[in-house]
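Below is one structure, written out as structure tokens; the observations come after it.
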Amino acid sequence: MPGKEGPNAVKPIRVALLGCGTVGTEVVRLLTDQADDLTQRIGAPVELAGIAVRRPNKHREVPEHLLTTDAAALVTSADVDVVVEVIGGIDPTRGLLLDALRAGKSVVTANKALLAEHGPDLFEAADASGADLYFEAAVAGAIPLLRPLRESLAGDRITRVMGIVNGTTNFILSAMDATGAGYAETLEEASRLGYAEADPTADVDGFDAASKAAILASLAFHTRVTAADVYREGIRAVSAADIAAARGLGRTVKLLAICERVTAPSGQESVAVRVHPAMIPRTHPLASVNGAFNAVFVEADAAGEMMFYGQGAGGAPTASAVLGDLVAVARNQVAGGRGPRESAYAALPAQPMGHTPTRYHISLDVADKAGVLSQVAAVFAEHDVSIAAVRQEGRVEDASLVIVTHAATDAALRSTVDKIGGLPVVRDVVSVMRVEGEE
Ligand code: NDP
Ligand code: HSE
């Protein structure tokens, strides 16, 4: 074990922890419980220099002398080597982490919102001072995903990253699928069970998944992708009818984050990044990812298809990823080196959603009489939306008509559905949803 005392003692790595909530508390626990193992793995002991919180009186679980409300002073203290940020949000974390990086402190953060909005500023500050910036916990919690993209697959050409990266919405959609209940009552149940936050906006409106998609696309395609480049739809509009329609066709509904390398209509290689609910076949591996779990598919030219699966949230799983980063940064410091820098040399443009064709499932209630199918099909043809499959089931007084299209743009599909909804023979447009995971 590296010596802790005497003239040849190894200098400890001193850590400033910003935030001591769900994740921070577990970071402190792991640092304490595994202190001896971490020392062996790093080659130097890791010590907490201070813990910044808002309300020190609330934190009886950590030594009182470490607590401070002065995060600004802590991050630039000469006594600190590494800053671990688990506060969340943009303010004051952006300023704190920029100050830390400018002062040469390496940073480990779980903050996807900050990285997706201000990642380039943070990387520039890290480069200017030669500090490390690690953020494995920001996407898919405990799942080692960013390091494989950033390091293991650095010799390959990644073409697609698609997955379930938000546990709250996956819990809600899984429960709707299992019970047949509607969105509002399932959200209420998820909140009661502690799976959805008091303000679920970031999760259910897709902001959280969009931040994660921006981070994944940036790493996968060596391009700066920010949250503003990501097309985003949440799950509020997913109805029990959508879920039932999916079920009837052997599909289920998932909120997907999809990052693709595409060729734009101009011929320019681009990136298309989107987050939206989609029907996927029940036989697709992502269909069996239930509850709060996350899973991500990566496709690369040489490596082929890979799937990463595990716990995407929670104090201990997220702290595991934070600790992994802390060990990496500490090892770099002991060795006198640096980890990987930002790789954004490809600078591919972001393709707007309007140019990204996707396939759709449309479910209609129609009058059950001659000529209905041909009237509906004519509207599709008029808007140049090609039909891949049609299923009609007669009922007592009307019929259910289900149409799956070939790839079409949002604009074409929207005008098609608007016109179909106005046909006298169409009683109701029951469900319109994108289809993924089948060719
Ligand atoms: P919590 O809300 O549980 O904890 C936040 C902590 O930050 C609290 O200790 C709070 O102090 C402290 N804090 C808030 N504002 C300040 C401030 N201005 N100065 C100093 N301290 C402050 O958050 P989580 O632990 O859940 O999340 C932390 C980060 O990890 C976020 O970026 C989140 O997105 C990310 N993350 C979280 C996951 C999870 O499952 N929870 C999963 C993956 C990532 P006090 O306690 O005194 O109020
Ligand atoms: N709110 C996030 C989720 C936490 O539900 O997945 C993990 O980032």
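The values are calculated or read from the model by the stated rules, or taken from the named source; none is laboratory data. None of these values were measured; they are calculated from a predicted model. Note: ideal-geometry Cβ built from the backbone for every residue, glycine included; neighbour counts use all protein chains shown. Heads up: the accessible areas ignore ligands, DNA and RNA and are worked out on the full protein's heavy atoms, side chains in. Shrake-Rupley method; radii C 1.70, N 1.55, O 1.52, S 1.80 Å.
Some values worked out for this structure:
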{"read-out": "Criterion: in contact (Cβ under 8 Å) with a residue 40 or more places away in the chain and within 13 Å of ligand 2 (Cβ to nearest atom) - qualifying residue of ALA321, ALA278, ALA303, ALA264", "value": "ALA321"}
{"read-out": "Residue tally, condition surrounded by 24 or more Cβ atoms within 10 Å (Cβ to Cβ) and of a type in the set (S, T, N, Q), over segment 188-236", "value": "2"}
{"read-out": "Residue list for segment 102-149, filter: surrounded by fewer than 20 Cβ atoms within 10 Å (Cβ to Cβ) and among the charged types (D, E, K, R)", "value": "ARG102, GLU117, ASP121, GLU124, ASP127, ARG147"}
{"read-out": "Selected residue (only one of ALA399, ALA407, ALA389 is touching a residue at least 40 places away in the same chain (Cβ under 8 Å), farther than 30 Å from LEU115 by Cα and touching a strand residue (DSSP E or B) at 6+ places or on another chain (Cβ under 6 Å))", "value": "ALA407"}
{"read-out": "Residues satisfying the stated conditions in segment 291-346, i.e. in a helix (DSSP H, G or I) and farther than 30 Å from THR168 by Cβ", "value": "ALA330, ARG331, ASN332, GLN333, VAL334, ALA335"}
{"read-out": "Total residues in segment 195-253, condition within 20 Å of GLU136 (Cβ to Cβ), more than 16 Å from ligand 2 (Cβ to nearest atom) and of a type in the set (D, E, K, R)", "value": "1"}
{"read-out": "Residue within segment 25-45 that is open to solvent by 50 Å² or more (accessible area, probe 1.4 Å) and within 16 Å of ligand 1 (Cβ to nearest atom) present", "value": "yes"}
{"read-out": "1 or more residues away from ligand 1 (no atom under 16 Å from the Cβ) and touching an Asp or Glu at 6+ places or on another chain (Cβ under 9 Å): qualifying helices (runs of 4 or more DSSP H) within segment 179-227", "value": "207-221"}
{"read-out": "Cβ pairs under 8 Å, 6+ apart, first in segment 133-157 and within 17 Å of VAL27 (Cα to Cα), second open to solvent by less than 30 Å² (accessible area, probe 1.4 Å) and more than 16 Å from ligand 1 (Cβ to nearest atom)", "value": "TYR134/SER106; TYR134/ALA328; TYR134/VAL329; TYR134/GLY339"}
{"read-out": "Criterion: more than 12 Å from ligand 1 (Cβ to nearest atom) and part of a loop (DSSP other than H, G, I, E, B) - qualifying residue of PRO144, PRO148", "value": "PRO144"}
{"read-out": "Any hit, segment 168-187, residues being buried (at least 20 other Cβ atoms within 10 Å of the Cβ), at pLDDT 95 or above and closer than 20 Å to ILE87 by Cα", "value": "yes"}
{"read-out": "Residue satisfying condition, being within 15 Å of ligand 1 (Cβ to nearest atom) and in contact with a helix residue (DSSP H, G or I) (Cβ under 9 Å, 6 or more places away or on another chain), within set VAL161, VAL139", "value": "VAL139"}
{"read-out": "Criterion (open to solvent by 40 Å² or more (accessible area, probe 1.4 Å), acidic (Asp, Glu) and in contact with a helix residue (DSSP H, G or I) (Cβ under 9 Å, 6 or more places away or on another chain)) met by exactly one of ASP99, ASP91, ASP70", "value": "ASP99"}
{"read-out": "Residue within segment 254-262 that is more than 16 Å from ligand 1 (Cβ to nearest atom), open to solvent by 50 Å² or more (accessible area, probe 1.4 Å), farther than 25 Å from ALA142 by Cα and assigned by TED's automatic domain parsing to the domain that holds ILE172 present", "value": "yes"}
{"read-out": "Test set (1) open to solvent by 20 Å² or more (accessible area, probe 1.4 Å); (2) farther than 19 Å from ASP127 by Cα - THR318 fails condition number", "value": "(1)"}
{"read-out": "Cβ-Cβ under 8 Å pairs, at least 6 apart or on other chains, segment 194-206 side farther than 12 Å from LEU256 by Cα and of a type in the set (Phe, Trp, Tyr), far side within 12 Å of ligand 1 (Cβ to nearest atom) and at pLDDT 95 or above", "value": "TYR195/GLY167; TYR195/THR168"}
{"read-out": "Within segment 12-48, considering residues that are of a type in the set (Asp, Glu) and without any contact (Cβ under 8 Å) to a residue 40 or more places away in the chain, the one nearest to ligand 2 (Cβ to nearest atom)", "value": "ASP33"}
